[in-house]
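*Asks:* Dropping the structure in here first, questions after.
The numbers here are math on the coordinates, done by the rules we state, and not lab data. The structure displayed is predicted, hence computed values, not measured ones. We place every Cβ from the backbone using ideal geometry, glycine too, and count neighbours over all the protein chains shown.
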Amino acid sequence: MRSPRRCSRNGCPRQAVATLTYVYNESTAVVGPLAAFAEPHTYDLCEPHARSLTAPRGWDVVRHEGEFEPPPPTTDDLVALAEAVREAARPAPRPPEDDQDKQSHSTGRRGHLRVIPPSL
Ligand SMILES: [Zn+2]
């Protein structure tokens, strides 16, 4: 269902945090923050592979020197987050007052409502 981007190195299971782009006409390998979209001549790399990348002979490496941020949550993550927030905001099915009601039925309280006994 969910498909987090993984490092493109063979057998590397880590999550990709950087994108390597080969700029052929400048013989430069650019290691930058994870690109939003996969493009031709780009390779997603995990942080260790991004940091340890060495350029082919005759190539330069331009490396992003800051922190590599993990990619933003996928749509699935956002939906899950929204549902979690909604769940938390929803009132509990049994408010704590219910337990009190069991001990003191004389008050006639039910949740937020107070039952007024008929005055005779
Ligand atoms: Zn890797």
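*Asks:* Between LEU45 and residues 5 or more places away or on another chain, which pairs have amide H atoms under 5 Å apart, with H built 1.01 Å from N, and which residues are they?
*Replies:* Here SER8, VAL17, ALA18, THR19, LEU20 satisfy the definition.
*Asks:* What is the P(r) of the range 1-79, as percent of Cα-Cα pairs per 10 Å bin from 0?
*Replies:* Once binned at 10 Å, the Cα pair distances of the range 1-79 give 19, 50, 25, 6, 1.
*Asks:* Read phi for every residue in the range 42-58 and hand back ³J(HN,Hα) as whole Hz from Karplus 6.51 cos²θ - 1.76 cosθ + 1.60, θ = phi - 60°, with x for Gly and Pro.
*Replies:* So the Karplus estimates, Gly and Pro as x, are 10, 9, 7, 10, 6, 4, x, 6, 5, 6, 9, 4, 10, 6, x, 3, x Hz.
*Asks:* Tell me the label-point distance for the pair ARG6, LEU53, using the 7 Å Cα-to-Cβ offset, in nm and rounded to one decimal.
*Replies:* Reported label-point gap for ARG6 and LEU53 is 2.0 nm.
*Asks:* Which residues' amide hydrogens lie under 5 Å from the amide hydrogen of ARG63, considering only partners 5 or more residues apart or on another chain, with H built in the peptide plane?
*Replies:* For ARG63, the qualifying residues are VAL31.
*Asks:* Output wanted: per-residue J couplings in Hz (rounded whole) for the range 7-15, from phi through Karplus 6.51 cos²θ - 1.76 cosθ + 1.60, θ = phi - 60°, x for Gly and Pro.
*Replies:* Taking θ as phi minus 60°, the curve returns 3, 7, 5, 3, x, 8, x, 6, 6 Hz for the range 7-15.
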